[in-house]
Number of protein chains: 2
Amino acid sequence: MVRTEPREIKLKPIGVVHSPFRVREDVDPRRNIRPTGFSNVHGEIEIDPVYASGLRDISGFSHLIIIFAFHKSGPGHLLVKPPFESRRRGVFSTRSPQRPNPLGMTVVRLLGRRKNVLKVSGIDMLEGTPVLDIKPYTSRDSKRGLTRGWMKGSGSAVRQHADLSRRAREKEK
Amino acid sequence: MVRTEPREIKLKPIGVVHSPFRVREDVDPRRNIRPTGFSNVHGEIEIDPVYASGLRDISGFSHLIIIFAFHKSGPGHLLVKPPFESRRRGVFSTRSPQRPNPLGMTVVRLLGRRKNVLKVSGIDMLEGTPVLDIKPYTSRDSKRGLTRGWMKGSGSAVRQHADLSRRAREKEK
């Protein structure tokens, strides 16, 4: 029997993501295939000025953890069909936005700070995404020797794209 | 001007952490110094049975991201004094539990699954911590070449401890 207190957690956005991506299709890996993934996508994290003093000392960190709300993702599901996948997977083995709690987490590179605005790269969120927390990324967060379950066989979007392109080229021959 | 919709995000715990740590002092780095940090601390993530089907496919992953609520941390602050530090730091440059939104994030190693219970190591949360989300840790989350701002000079708890021990030994000479 699982019991936790409190039964409900209420959060307020501390800021907002500014991103080149306007609609959900813009961040769909099937439509948005880049050889470098999202790592070269630049954007900003704009913090509400009332929280700006909490950004003190942040400029020394190369990478930040951004926890945000999937505000456009609709209801959560327990089984989801990831991009390029034919099988449904348990949602907790995916990074699908349609989760029981609509929380997202992305590690971005910090490029600079101007007052309450952080310039970052590695943005995969939509314009207007509510930011819930920012944490420094430390060596404890950097793990090696990963096994990646179903993602291994399925490959990344980039590799998938390479495979599809190769197959298309081979078909043309 | 920062505006986001919705103005409030409501989350429900999907499960609970089982941990050897009962009270906040147990996870205070000043009291709980281990040569390996928390990486060898074993515990369980017990998921509410209604969400258990979302765990399908999870066993193939070596590492999981656990997002949880700091349910014992009291009100948030914008400036906090980290363990071993004399200066107050901006909260978003720390992993302090006393944050504007009481969200925690820890990467754990998955050791096994039995129905709705995940056996993990790397636990640094308290017994009874509400779990909000579980995500697979992927190569995109594993960053190299980190710079760690004020943490670099201050060192990890383990290194601090080593330094304190060395100084104590030198004093005895």
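The values are calculated or read from the model by the stated rules, or taken from the named source; none is laboratory data. These numbers were taken from a predicted model, which means no experiment stands behind them. Positions of Cβ are generated from backbone atoms using ideal geometry, with glycine treated the same way; all protein chains shown enter the neighbour counts. These accessible areas exclude ligands, DNA and RNA; they are computed on the full protein's heavy atoms, side chains included. Shrake-Rupley method; radii C 1.70, N 1.55, O 1.52, S 1.80 Å.
So how do B:D141, A:D26 rank on accessible area, 1.4 Å probe, biggest first, that is with the largest at the start? Let's see the in-between values first.
On the way: B:D141 5, A:D26 55 Å².
The ordering from most to least exposed comes out as A:D26, B:D141.
Using a 7 Å projection from Cα along Cα-to-Cβ, the label point at B:T36 is separated from the same position in the remaining copies by 3.8 nm, smallest value first.
Remark: for residue pairs A:K115/A:K143; A:K72/B:K81; A:K135/B:K72; A:K152/B:K115, the C-alpha separation exceeds 27 Å in A:K115/A:K143; A:K72/B:K81. Label positions at B:T36 and B:S73, each projected 7 Å from the Cα along the C-beta direction, are separated by 2.6 nm. Could you pull out the trypsin sites (Lys or Arg not before Pro) across segment B:80-111 that fall in loop regions by DSSP (anything but H, G, I, E, B) with no more than 13 other Cβ atoms inside 10 Å? Qualifying residues, ordered by number: B:R87.
Using a probe radius of 1.4 angstrom, the carbon and sulfur fraction of the accessible surface of segment A:1-117 is 49%.
Between copies, the label points of A:G128, set 7 Å from Cα on the Cα→Cβ line, lie 4.1 nm apart, reported in increasing order to one decimal in nanometres.
Label-point spacing at B:R113 relative to the other copies reads 3.9 nm, in ascending order, each point sitting 7 Å out from Cα along Cα→Cβ.
Please report the buried accessible area for the interface of A with B, total over both chains, probe 1.4 Å, in Å² to the nearest 100. In total, this chain pair buries about 7200 Å². Segment B:71-161 gives an Rg/Rh value of 0.99, both radii derived from C-alpha positions and Rh following Kirkwood. List the GluC sites (Glu not before Pro) within segment B:1-101 that fall in a DSSP loop (any state other than H, G, I, E or B) and whose Cβ has at most 13 other Cβ atoms within 10 Å. Filter output for segment B:1-101: B:E8.
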